[in-house]
Amino acid sequence: MPKDLSKFAKDNSIKYFMISYTDLFGAQRTKLVPSQAIQDMQTDGAGFAGFASWLDLTPAHPDMLAVPDSDTVVQLPWRREVAWVAADCVMDGKKLEQAPRNLLKRMIFEAKQQGFTVKTGIEAEYFLVNMAGDAISDAYDTATKPCYDQQAVMRRYDVIAEICDYMIEMGWAPYQNDHEDANGQFEMNWAFDDVLVTADRHSFFKFMVKSVAEKHGLRATFMPKPFINLTGNGCHAHISAWDDAGKNLFADDAGEQGLSSMGRHFLGGIINHAKGMVALTNPTVNSYKRINAPATLSGASWAPNTITWAGNNRTHMVRVPDGGRFELRLADGATNPYLLQAVILAAGLEGIKHSTDPGKCYDNDMYAEPEKAKDAPRLPLNLLDALREFDADATLKARLGDEFSQAFLKLKHVEWNAYVSHLSSWERANTLDV
Ligand SMILES: [Mg+2]
């Protein structure tokens with residue numbers, strides 16, 4: 001039974017609702033709707049000109065309606081007269097197939113038809129920087145190994161504790177916060193859940209962290225590699241699948257690294273489709289400065305170079321920390337919260353369908369001994385290669401749907417072309433005197 005948003009407004013003294021959807025580039029778009037107008041909007045949706053966001057629509061398309069999913073409504077803890085609600089995009093009475101949240105719901109449905117639900121937890125790392133975005137915000141945060149730095153995390157206590165308090169209030173069950181491996185970088189962890197819940201919370205988390213940082217005169221960034229000598233912003237995902245009785249279907253003590261044959265096949269799908277997935281998990285030009293990166297000031301990039309998996313070893317693309325789940329370390333802070341989960345399901349479903357074997361489980365230190373996996377496939381080196389790999393993966397594209405795959409490739413190629421037509425200072429410095 002969906003929540004009545006009008007009643008929610010009365011019960012919580014809400015003046016405005018943010019009806020929010022996420023476009024193909026991960027941007028969150030919203031209309032602020034006064035609560036006296038929410039009743040009609042709850043059924044009909046809020047109208048948007050689809051061309052005005054990244055959805056591959058034209059100015060000639062009819063209105064796109066964002067219909068609130070009232071189960072997701074939250075009162076903004078830092079602005080209590082406002083509520084946020086995730087919405088699904090509809091046009092001409094039909095779901096807009098390429099809209100990321102619709103796509104994720106379709107993948108969830110396909111898994112459900114096979115009798116399982118995928119749950120994930122994500123680690124959305126971020127930096128607190130100055131308002132200009134060109135330096136970290138704490139001049140004293142200079143340690144070579146700043147991970148878990150006690151003094152530095154406490155200098156940002158007001159920001160971190162405020163965000164964590166809000167997560168507690170919203171029932172996300174957060175359980176730890178820390179200073180991460182780069183100067184100025186933080187990570188906050190909350191409980192894993194169904195992929196749609198995780199995707200909605202991931203979206204809201206980015207909005208909340210940026211909003212709270214601004215309140216404190218700072219800026220938060222999830223940019224994959226904002227500083228070339230520091231560790232980048234990853235978005236690791238811990239993945240497991242469950243049946244209706246609450247049994248973890250990836251767990252089997254007798255399996256390699258404690259993974260069941262289903263878990264192994266799901267992982268096999270991810271390994272097999274990794275090259276094609278990268279365009280979605282690492283979707284910006286900047287993403288490729290994080291993966292394939294040399295060691296950072298702290299000693300390690302913590303990002304993968306190769307399409308390999310391991311036991312409890314953080315130098316590979318996939319880590320199996322203990323039985324029953326695995327951690328995909330590929331995605332970065334620029335990944336679209338809905339497309340990240342959708343492509344994990346898509347690749348995993350393909351792996352299950354074809355009983356794909358994930359291949360060798362490595363145990364080398366990929367940073368110190370890369371020669372021990374010299375035959376392992378490499379990740380794409382830039383966004384163009386990643387887009388070409390996605391385009392070449394007909395199975396993955398078909399699983400995600402033609403409307404989405406074509407729209408995503410088209411818009412991302414436009415972005416790539418805009419990037420390469422920009423004349424950089426590096427080019428001038430290295431080419432002027434040829
Ligand atoms: Mg981390």
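No lab work stands behind these numbers, since they all come straight from the coordinates. Keep in mind it's a predicted model, so treat the numbers as computed, not measured. Positions of Cβ are backbone-derived with ideal geometry, glycine not excepted, and every protein chain shown enters the neighbour counts.
When K215, K94, K275 are ordered from fewest to most other Cβ atoms inside 10 Å of their Cβ, what list results? Please report the intermediate quantities before stating the final value.
Details: K215 13, K94 8, K275 21.
With the sparsest Cβ surroundings first, the list reads K94, K215, K275.
Given a Förster distance of 35 Å, report the FRET efficiency between A368 and L432 from their Cβ-Cβ distance, rounded to the nearest 0.05.
Values: r = 39 Å, r/R0 = 1.12.
So the FRET efficiency works out to roughly 0.35.
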In nanometres, what is the gap between the two model label sites at A37 and A139, each 7 Å from Cα along Cα-to-Cβ? 4.7 nm
Picking from A303, A342, A27, which is most flexible by a Gaussian network model of the chain using Cα springs under 10 Å? A27
If you average the sequence gap of Cα pairs under 8 Å that are 6 or more apart and divide by the length of region 293-393, what percent do you get for the contact order? 25 percent
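Could you work out the equivalent-ellipsoid semi-axes for the chain, taking the square root of 5 times each eigenvalue of the Cα gyration tensor, largest first, in whole Å?
Three semi-axes, in Å: 32, 27, 24.
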Here is the link list: K31/K206; K206/K397; K3/K397; K289/K374; K7/K95. Which ones come out longer than 24 Å on Cα distance? K206/K397; K3/K397; K7/K95
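Quick one: work out the % antiparallel among DSSP beta bridges in region 5-92, nearest 5.
Of the beta bridges lying entirely in region 5-92, close to 75 percent run antiparallel.
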Only Cα pairs within less than 10 Å get springs; with that Gaussian network setup on the chain, which residue of A295, A86, A237 has the largest fluctuation? A295
Which of M1, M366 comes first, and how do the rest follow, when ranked by fewest Cβ neighbours within 10 Å? M1, M366
Running Debye on region 209-261 with equal point scatterers at the Cα sites and no solvent, what base-10 log of I(q)/I(0) appears at q = 0.14 Å⁻¹? -0.66
Mean-square fluctuation maximum in Gaussian network of the chain, Cα pairs under 10 Å, restricted to G311, G121, G171, hits G171
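Sequence gap at least 6, Cα distance under 8 Å: using those rules, report the relative contact order of region 106-428 to the nearest whole percent.
Details: 630 pairs, mean separation 61.8, N = 323.
Averaging sequence separation for qualifying contacts and normalising by length gives 19 percent for region 106-428.
Report relative contact order for region 207-321 in percent, whole number only (criteria: Cα-Cα under 8 Å, sequence separation at least 6). The partial results should precede the final answer.
Working: 134 pairs, mean separation 22.7, N = 115.
Taking the mean separation of contacting Cα pairs over the length of region 207-321, I get 20 percent.
If each DSSP helix of 4+ residues adds -39,500 (n - 2.57) and the sum is divided by the residues in the chain, what number results at 222 nm, nearest 500 deg cm²/dmol? The partial results should precede the final answer.
Numbers: 12 runs with 150 residues, N = 434.
Rounded to the nearest 500, it is -11000 deg cm²/dmol.
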By count of other Cβ within 10 Å, fewest leading, how are W309, W54 ordered? W54, W309
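What FRET efficiency, computed as 1/(1 + (r/R0)^6) with R0 = 22 Å and r the Cβ-Cβ distance, is obtained for K410 and K353, rounded to the nearest 0.05? It would help to have the intermediate numbers written out before the result.
Numbers: r = 28 Å, r/R0 = 1.25.
The value I calculate is 0.20.
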Nearest-0.05 FRET efficiency for K95 and M154, computed from C-beta distance (R0 35 Å): 0.15
If the label point is 7 Å along Cα→Cβ of R80, which residues in region 1-39 have backbone nitrogen under 16 Å from it? 9-16
Pulled fully out, how much extra length does the chain show between K247 and Y175, if you take 0.36 nm times their separation in residues and subtract their Cα-Cα distance? 23.6 nm
Inter-part gap, Cα centre of region 337-406 to Cα centre of region 113-149, in whole angstrom, is 23 Å
Taking the Cα centre of the chain as the origin, how large is its charge dipole in debye, to the nearest 20, when only Lys and Arg (+1) and Asp and Glu (-1) carry charge on their Cβ atoms? 420 debye
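On average, how much area does the Cα convex hull of region 5-92 cover when viewed from any direction, in nm²?
Working: hull surface 22.5 nm².
For the Cα atoms of region 5-92, the hull's average projected area reads 5.6 nm².
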Given points 7 Å out from each Cα along the Cα-Cβ axis, report the K3 to F207 separation in nanometres with one decimal. 1.2 nm
